[in-house]
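After the structure tokens below, expect a handful of questions from me.
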Amino acid sequence: MTHGIPDKGALTRPAERGAPVASAAADAERAALTELDRRIVLSTQGGLPLTARPYAAVAETLGVPEAVVRARLAVMLADGRIRRIGAVPNHYAIGYTANGMSVWDIDDALIDAVGERVGALDFVTHCYRRPRHLPDWPYNLFAMVHAASREAALERVEEIAALIASEFPGACRSRDVLFSAGILKKTGLRIGG
Amino acid sequence: MSEPENTTAAARRGVAARRAPDDTDRRLINALQGEFPLSETPFADIGAALGLAEAEVIARLQSLLDDRVLTRFGPMFQIERMGGAFCLAAIAVPEARWAETVEAVNAFPAVAHNYRREHALNMWFVLATETPAGIADCARHIEEATGLVVHLFPKEREYFVEMRLEA
């Protein structure tokens, strides 16, 4: 970004003259992109338009070129601000009628080793460490299991229990499974309301 | 945003799908859980890979959303990478107050999803806010709206998250 031919002083003293200007311009550009990205989030968090050219439709509402919208979505996918673009199924409707949140009271000294191991099982869809709420809630490991029946889900929870017992003897003090009895809401995030 | 037919039974059943997907729907659902094209005509591209016309892809997708086989279609934002926060939360809701509590909690835009579960803590939901401080604020507002204690279960460590379920 040049604003004319720099004098000799600017070339020899970049830290004093050139750099602050360049950095202010870069800051402004970054702020503009952050603002554009936020507007893209606000206009797509409810879903992509179901038209032949959905990105063009988003671009039109934002007043920017379609290519810019596609490029910013690509940047957000690459840096993890978007996990993915696509469909979220109602898991009941596609046959995963048993959704069990298995919860485990795992020795603090072993929780990360156990969590990594349980999270690596192919039937565990989410696996997190979370705080206990003593005395009523002693569980610090959450592992979500989806299956076609409650029996199948419980078998999988038993598999997790057997694995912990054999690889980390004594690490698990107690456990429970909370089955889902219905989706009450599933809209995804809504910011800017 | 609240359900119009908020009888106790409907509220308990929640957001149920109105039909089962057929084989073509399942192929489409699986394809739409992969890499969605960032091309000018992504539905035509998805259709080409599945042997479906662009118009059929769009019509089926609309119908799957209308019938709640899909709960949403679009970008899934990771708000933590944008300076915000997600937090799992739970409430022990007395049965007699179930329907009104569902309505009160779901009315908060920060409630991204909400499930009934079989436990004394029978309502489990996820809060998504633009700032980390927004989680505690929102939890307090929900406590004021419901008169019930909101227990927060922030993620201390993520071991694994799968974003796809094969149909």
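Rule-based calculations on the coordinates, nothing more; no lab input. Model, not experiment: these values are computed from the prediction. Every residue, glycine as well, gets a Cβ built from its backbone with ideal geometry; the counts of neighbours run over all protein chains shown.
More than 14 Å apart: what percent of Cα pairs in region A:116-183 qualify? Display every interim value, and only then the final one.
Numbers: 1431 of 2278 pairs.
Distances greater than 14 Å cover 63 percent of the Cα pairs.
Any chance you could list P(r) for region A:152-193, counting all Cα-Cα pairs in 10 angstrom bins from zero, rounded to whole %?
With a bin width of 10 Å, the distribution comes to 20, 32, 21, 20, 7.
While we're here: Can you tell me the length gained on complete extension of the stretch A:Leu163 to A:Arg38, counting 0.36 nm per residue apart and subtracting the Cα distance? Could the numbers behind the result be given before it?
Working: separation 125, 0.36 × 125 = 45.00 nm, distance 4.39 nm.
Net length gain for the segment: 40.6 nm.
A:Asp136 to A:Ser23: extension gain in nm, 0.36 nm per residue of separation minus the Cα-Cα distance? If you can, show how the numbers build up before the last one.
Working: separation 113, 0.36 × 113 = 40.68 nm, distance 5.34 nm.
Stretched fully, the A:Asp136-A:Ser23 segment lengthens by 35.3 nm.
Let me ask something else. Roughly what would the spin-label model give for B:Arg27 and B:Glu118, points 7 Å off Cα along C-beta, in nm?
Taking the two extended label points, one gets 3.7 nm.
Another question, then. Can you list the residues of region A:47-63 with backbone N under 20 Å from a point 7 Å past the Cα of B:Ser39, pointing along Cα to Cβ?
Within reach of a label on B:Ser39: A:48-59.
Using the Cα centre of chain A as origin and beta-carbon charges of +1 (Lys, Arg) and -1 (Asp, Glu), tell me which of A:Gly100, A:Ser180, A:Ala24 is placed farthest towards the positive end of the dipole.
In chain A, that residue is A:Ala24.
Would you mind ranking A:Ser174, A:Ser102, B:Ser63 by Cβ crowding within 10 Å, fewest neighbours first?
A:Ser174, B:Ser63, A:Ser102
Still on this structure, I have one more. Could you give the angle, 0 to 90 degrees to the nearest 10, between helix B:133-146's Cα long axis and the longest principal axis of the Cα atoms of chain B?
70
Take every Cα-Cα distance within region B:17-66, group them into 10 Å bins from 0 onward, and report for each bin the whole-number percent of pairs it holds.
Pairs per bin, as whole percents: 26, 61, 13, 1.
About the Cα centre, and with charges only on the beta carbon of Lys, Arg (+1) and Asp, Glu (-1), how big is the dipole of region B:89-167? Nearest 20 debye, please. Could you put the intermediate results ahead of the total?
Details: 7 positive and 12 negative charges, 23 e Å.
Charge dipole of region B:89-167: 100 debye, to the nearest 20.
In nm, to one decimal, how far is the modelled label at B:Val161 from the one at B:Glu54, with both set 7 Å along Cα→Cβ?
3.3
When 1/r is averaged over all different Cα pairs and the result inverted, which Kirkwood radius in Å belongs to the protein assembly as shown? Walk me through the numbers before you get to the answer.
Values: mean 1/r = 0.0442 Å⁻¹.
With all distinct Cα pairs of the protein assembly as shown included, I get 22.6 Å.
Assuming a ≥ b ≥ c are the square roots of the Cα gyration tensor eigenvalues, decide whether region A:82-166 counts as rounded (a/c under 1.5), prolate (otherwise, with a/b larger than b/c) or oblate. Don't skip to the answer; put the middle values down first.
On the way: a/c = 1.82, a/b = 1.50, b/c = 1.21.
Taking the square roots of the gyration eigenvalues as a ≥ b ≥ c, region A:82-166 is prolate.
Determine, at each q value in 0.08, 0.09, 0.15, 0.19 (inverse angstroms), the log₁₀ of I(q)/I(0) that the Debye formula gives when each Cα of chain B is one equal point scatterer.
-0.32, -0.41, -0.98, -1.23
Strictly greater than 29 Å: what percent of every Cα pair in chain A meets that? Before the final figure, lay out the partial values.
On the way: 9795 of 18528 pairs.
Percent of Cα pairs beyond 29 Å in chain A: 53.
Summing Lys, Arg as +1 and Asp, Glu as -1, what charge do residues with Cβ under 9 Å from the Cβ of A:Pro138 carry, A:Pro138 excluded? Write down the numbers at each step before the final one.
Details: positive: A:Arg132, A:Arg173; negative: A:Asp105, A:Asp136.
Residues near A:Pro138 contribute 0 overall.
Okay, next question. Read phi for every residue in region B:120-125 and hand back ³J(HN,Hα) as whole Hz from Karplus 6.51 cos²θ - 1.76 cosθ + 1.60, θ = phi - 60°, with x for Gly and Pro.
Once rounded to whole Hz, the list reads 4, 7, 9, 10, 10, 9.
Tell me, Kirkwood radius of region B:79-153 from alpha-carbon pair distances, in Å?
Details: mean 1/r = 0.0814 Å⁻¹.
Evaluated on region B:79-153, it is 12.3 Å.
How much length is gained if the chain between A:Ala67 and A:Glu116 is pulled fully straight, taking 0.36 nm per residue apart and subtracting their Cα-Cα distance, in nm to one decimal? Walk me through the intermediate numbers first.
Values: separation 49, 0.36 × 49 = 17.64 nm, distance 4.01 nm.
Once the chain is fully extended between A:Ala67 and A:Glu116, it gains 13.6 nm.
Tell me, what is the FRET efficiency for A:Arg83 and B:Ala136 to the nearest 0.05, using R0 = 25 angstrom and their Cβ-Cβ distance as r?
E(calc), rounded to 0.05, equals 0.50.
Can you tell me the FRET efficiency between A:Asp108 and B:Arg19 if r is taken as the Cβ-Cβ distance and R0 is 51 Å, rounded to the nearest 0.05? Please list the in-between numbers first.
Details: r = 47 Å, r/R0 = 0.92.
The pair A:Asp108/B:Arg19 has a calculated efficiency of 0.60.
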